[in-house]
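Report on one structure; see the data block that follows.
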Amino acid sequence: MTQNAMNFADAPVGAFELLAQDGAARLGRLKTAHGVVNTPIFMPVGTVGSVKAVAPDDLAALGAEIILGNTYHLYLRPGDELVQRRGGLHNFAAWPRPILTDSGGFQVFSLEGLRKITEEGVEFRSHLDGSKHLFTPEKVISIQRNLNSDIMMVLDECVPFGAAYDYTAKSLELTTRWALRAREAYPRGAGQNLLFAITQGGFHKDLRSESVAQLREHDFDGFAIGGLSVGESKEIMYDLLAHTAPLLPAHKPRYLMGVGTPLDIVTGIGMGVDMFDCVLPTRNARNGTLYTSLGKVNIKRKEYAEDDSPLDPNCNCYTCRTFSRAYLRHLFTAQEILSYRLNSLHNLTYFLDLVRGARKAIAEGRFAEFQAGVEALYA
RNA sequence: GGUGGGGUUCCCGAGUGGCCAAAGGGAACAGACUGUAAAUCUGUCGUCUUACGACUUCGGUGGUUCAAAUCCACCCCCCACCA
């Protein structure tokens, strides 16, 4: 193991090593320019260069290994060139550990009505001031290079749940062409930033297969599954995930984008996914829903008004060590700023503990049991 | 003591004869949130287990009217200014 670790220290950026496997679940590590990421991993989302309500030193203390930023948001404000002049996003945001940036592909989906898709790219209308901007696969690489993210994502089209078969088929081909243009704009060896491709295919297994087939032979550092959790049922999502995950190259990291709930994450790990990101722990923290070892807790409920017990007796985070449910409910009800911070600290701890627990379970060959435990709580 | 203004459902506050169980906001209670246009959004919010329904409400009492939170009379309270 020590020998192994030594070898990995010398491994080039982009190296991905599988250390153990338990069923389809994988334990691994990925080397980036700003450090090693242990997988399976959950990546807190910091869209505009900040994990909302949580400072970098807190994140580090929580054991966050890698966070997300967003190309679209940072390009609009403060501008990727401004960030570049300040030494890149790591320096600008005082986060020395790895950063993955989303390409703006999700905004193709979420800003429907404010964008127009063509072969060349996506024309966006800024949600901030209405100004027009063109995102091409090449432009998006350039922005992410300016941000200097450790893992860059290719521009893709994320199609909505109800999308027609023909549209989805054409869209997946476009996403492939865009991915190849991105790779061409940033050839291997041109820098230390990794580049991940994104598979699409909507809600048809044959299209999912086709998308993977078109991308998997190309030279990307990792492969993502995009376009899931966009309004479909869990059954449908898990069915497609079970179909798609095994098709991805085994020797590269697999990233399920934008997912998910504790149950989704554990299910994904069980199907061989290595990386996850989701706004859920931080957004729900700000909206009063907290994840605990006892299940979901909606902290604003009246029943907690005089509950002096900790939020989660099995959690060792600052929030749970220090405050009562009654106080947390009070802070939330009073809309105190501290509420957002304490709730976010806890939820992120829960999600990070979840993947740490999963890694341990895989290493010890008892992942199925671990998964069953989470299912009992959150299914 | 005089003049003017006012008392509306938990709070603030619209409503001046029927379309009013009564706008809107707040509070309260509950729910949603999945590559963040989200410290956001939705629902309930007089009582009757559900309501197309029934019943009780708009300071008090009495009256006018087919019909009153809305009109009239008297009474009670509050506010402003003047004495």
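The values are calculated or read from the model by the stated rules, or taken from the named source; none is laboratory data. On a predicted model such as this, the values are computed, not experimentally measured, just so you know. Cβ placement follows ideal geometry from the backbone for every residue including glycine, while neighbour counts extend to all protein chains displayed. These accessible areas exclude ligands, DNA and RNA; they are computed on the full protein's heavy atoms, side chains included. Shrake-Rupley method; radii C 1.70, N 1.55, O 1.52, S 1.80 Å.
Our estimate of slack between residue A:363 and residue A:216, defined as 0.36 nm per intervening residue step minus the Cα-Cα distance, is 50.2 nm. Length gained on full extension, residue A:324 to residue A:47, computed as 0.36 nm times the residue gap minus the Cα-Cα distance: 96.7 nm. In straight Cα distance, which lysines are under 18 Å from residue A:252, not counting same-chain residues fewer than 8 positions off? The reachable lysines, counting only those whose Cα sits under 18 Å from residue A:252, are A:31. For region A:69-91 and region A:141-156, write down the distance between their C-alpha centroids in whole Å. Centre-to-centre distance over Cα atoms comes out at 10 Å.
If the chain linking residue A:298 and residue A:128 were pulled fully straight, counting 0.36 nm for each residue of separation and taking away their Cα-Cα distance, it would gain 58.0 nm. Across the accessible surface of chain A, with the other protein chains kept in place and a 1.4 Å probe, carbon and sulfur atoms take up 51 percent. What does the charge count around residue A:92 come to, taking other residues whose C-beta lies under 13 Å from its C-beta (Lys +1, Arg +1, Asp -1, Glu -1)? Here the charged neighbours net out to +1.
Toward the positive end of the charge dipole of chain A, with +1 on the Cβ of Lys and Arg and -1 on the Cβ of Asp and Glu, the farthest Cα among A:231, A:248, A:103 is that of A:103. Summary of the geometry: region A:188-230 and region A:273-329, compared by the centres of their Cα atoms, lie 35 Å apart.
Taking Cβ separations below 4.7 Å as the criterion for a possible disulfide partner, the isolated cysteines in chain A are A:158, A:278, A:317. Accessible area per residue for chain A, computed on protein heavy atoms with a 1.4 Å probe, is 41 Å².
Pairwise Cα distances in chain A exceed 36 Å for 20 percent of all pairs.
Taking all protein chains as shown and a probe of 1.4 angstrom, residue A:132 keeps an accessible surface of around 120 Å². Within region A:247-352, the GluC sites (Glu not before Pro) that combine a DSSP coil assignment with at most 11 other C-beta atoms in a 10 angstrom radius are A:306. Given a 1.4 Å probe and the protein chains as shown, residue A:317 ends up with an accessible area of around 10 Å².
What lysines sit close enough to residue A:52 to cross-link, taking a C-alpha to C-alpha distance under 23 Å and skipping anything fewer than 8 places away on the same chain? Excluding near neighbours in sequence, the set is A:296, A:300.
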